[in-house]
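Derivation of every value follows stated rules applied to the coordinates shown; laboratory data play no part. Note that this is a predicted model, so its numbers are computed, not measured. Please note: Cβ atoms are built from the backbone with ideal geometry, for glycine as well, and neighbour counts cover all protein chains shown.
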Amino acid sequence: MILVLLLIIPLLGGLLAWAVSQRSNRLCRCFSLIALFADLAVLVILSVQYASNRNEQWFAFVKWSWIPQLGVSFELGADGLSLLFLWLTVILGIFAVVSSINEIQERIGFFHFNLMLILVGIMGVFTALDLFLFYFFWELMLVPMYFLISIWGHENRVYASIKFFIFTQAGGLFMLLSIIALYFIHGRVTGVYTFDYNELLSTAGASAVSIWLMLGFFIAFAVKLPAVPLHTWLADAHTEAPTAGSVILAGLLLKTGAYGLLRFVLPLFPSPAQQIAPVAMVLGVIGILYGAILAFAQKDAKRLVAYTSISHLGFVLLGVFAGNLLSLQGAVIIILAHGLSTGGLFILVGILQERLHTRDMNQMGGLWASVPRMGGVSLFLALASLGLPGLGNFVGEFLVLAGTWRVSPILTSIAAIGFILSAIYSLWFIQKVFHGPPVVSIVEPQRARQIADLGIREMAVMCLIMAGLIWLGLYPQPILNSAKPTLNAIQSKYVPVAEQTAGGEGSRTDVAH
């Protein structure tokens, strides 16, 4: 029941925020924040419950009959992996609400309702154990995000929102076909027609058409991740979305693709996933290099940060299909660290746009003298993005490379070039915006010396993000311990071909003891 509360609370908060928006904008925002802080309290209870039930596969579980004639149930479950994703969702949700206070001044109630509805869909994706219900939540995320971009976005918002919707909806349809096919195959084999995840685990990989079923899931998750060449919607959506939308998009919606790979593709289809692993790993490496090169080519600060997401999440795709505990643990750390670091960068770019009325880095420069706090925070997040040791991104990417080395030293060596490229575009971003001679604005003379530095509210958000990245960089063990049982179960089924031939205990080494 506690998992149901986790979904109901933000939904009610969004409805109340919409209802009171005609009376008070401040009250509208308060309802959203109260709902999310209430969800934080629920997560604390869930975390305590997990600490005392670590040996159970699903430490929190609820199952209600929904459409019994079709074998559909309202089934939610949480393990250590989904608990981590739920924490990330609520924390970034709070940051998104706070970052929208100054930017969103029209139709505020409807904005907060859509924001809360997205969070409900995301948390549903992270907890659904019925594939019909999972698809329902998967599609639920799309509509409110479409509205966030198309109503509160920037100049080309309509084009970007339609492109986002078409790509993600098309990918979801491939997954729907696979879910329906899997449903009928399981029914024909067992005589029981069900969408239950735990029951389908024993049937999916045994089917003669399992490779095609797996590809349906893989395409949907690769679009959302996004993996090259299915990435072209991302930069436009990020660029045109409001700051809160970019934070949710980069920090959470992209992570649903990574979660889907970990929760569905590898456990349901271990053998077919092994067959496409070389291709998927090559796509991951291409994404690492391609995203980094395109990031360096941008003059729009938002597009630069958007392309860094393609690069960093290429490490996730590489680590997931490398498939050993080191690489899987690294993928989980990257997911969390990227959510914090990239979310923080999008908030900073949104603040810069709010103050300067431009995202063009050619119209910036020399800002450090007038906004030293903003410059210091930006430098910290840029260092996190380039993988500075001691911060979370470094731990994740190092573990992915260490695990991938056992599968393919060549791909690992090529992927390591991403560290060099990330240093180039991250430091170039800091140089263009905060150093060099001040650029005199074409709109407002001496604007570079007049803009306000980060305030108390903004610094509070940034300090929490920086603290999270430092914690992940210096003490990731609690995160690794939480995800380890689930990753062990994945790795026990999915062993890459290179490690199958190598054998030995060394291939199963991990860092969480």
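Cβ crowding within 10 Å, taken as a proxy for footprinting-reagent exposure, orders ARG263, ARG406, ARG355, ARG457 from fewest neighbours to most as ARG457, ARG355, ARG406, ARG263. Other residues lying with their Cβ under 15 Å from the Cβ of LEU16 contribute a combined charge of +2, Lys and Arg counting +1, Asp and Glu -1. Each of LYS493, LYS484, LYS299 has some number of other Cβ atoms within 10 Å of its Cβ, and from fewest to most they run LYS299, LYS493, LYS484.
Ranked highest first by the average count of other Cβ atoms within 10 Å around their residues, in what order do 75-87, 425-437 fall? Each step should come with its number before you reach the end.
Working: 75-87: 23.2, 425-437: 18.2.
Per-residue Cβ counts within 10 Å, averaged per peptide and sorted highest first, yield 75-87, 425-437.
With the radius of gyration and the Kirkwood radius both derived from the Cα set of the range 2-508, what is their ratio Rg to Rh?
Details: Rg = 22.1 Å, Rh = 22.9 Å.
My calculation of the ratio gives 0.96.
Taking a ≥ b ≥ c as the square roots of the eigenvalues of the alpha-carbon gyration tensor, the range 115-190 is classed oblate because a/c is 1.5 or more while a/b is no larger than b/c. Restricting to bridges with both residues inside the chain, how much of the DSSP beta-bridge set is antiparallel, in percent to the nearest 5? Antiparallel bridges make up about 100 percent of those DSSP assigns within the chain. Each peptide among 5-11, 233-239 gets the average number of other Cβ atoms lying within 10 Å of its residues, and from highest to lowest they stand as 233-239, 5-11.
All C-alpha pair distances within the range 200-358, sorted into 5 Å bins from zero, spread as 2, 10, 19, 21, 18, 12, 8, 5, 3, 1, 1, 0 percent across the bins. By the beta-carbon count within 10 Å of each Cβ, the least crowded to most crowded order of VAL265, VAL305, fewest first, is VAL265, VAL305.
Set the Förster distance to 35 Å, then compute FRET efficiency between ILE293 and SER271 from the Cβ-Cβ distance, nearest 0.05. Efficiency for this residue pair is about 0.50.
Could you tell me what fraction of 2.2 N^0.38 Å the Cα radius of gyration of the range 13-135 comes to, as a two-decimal ratio? Mind showing how you got there, number by number?
Working: Rg = 16.5 Å, N = 123, 2.2 N^0.38 = 13.7 Å.
Normalised Rg, Cα atoms only: 1.21.
So for the chain, averaging the separation of alpha carbon pairs under 8 Å that are six or more residues apart and normalising by length, what relative contact order in percent results? Don't skip to the answer; put the middle values down first.
Numbers: 898 pairs, mean separation 71.0, N = 513.
That works out to 14 percent.
In summary, the lysines within cross-link reach of LYS224, defined as a Cα separation below 27 angstrom excluding same-chain residues under 8 places away, comprise LYS163, LYS255, LYS299, LYS302, LYS484, LYS493.
Shape verdict for the range 19-91, please, from the Cα gyration tensor: rounded (a/c under 1.5), prolate (a/b greater than b/c) or oblate. If you can, show how the numbers build up before the last one.
On the way: a/c = 3.54, a/b = 1.45, b/c = 2.45.
Because a/c hits 1.5 or more and a/b fails to exceed b/c, the range 19-91 counts as oblate.
About its Cα centre, the range 2-508 has a charge dipole of approximately 500 debye under the convention of +1 per Lys or Arg Cβ and -1 per Asp or Glu Cβ, with nothing else charged.
Highest mean first, what order results for 326-338, 375-387, 108-120 on Cβ atoms within 10 Å? Kindly include the intermediate steps, with their values, before the conclusion.
Numbers: 326-338: 27.8, 375-387: 22.8, 108-120: 25.5.
Most protected by this proxy first, the peptides run 326-338, 108-120, 375-387.
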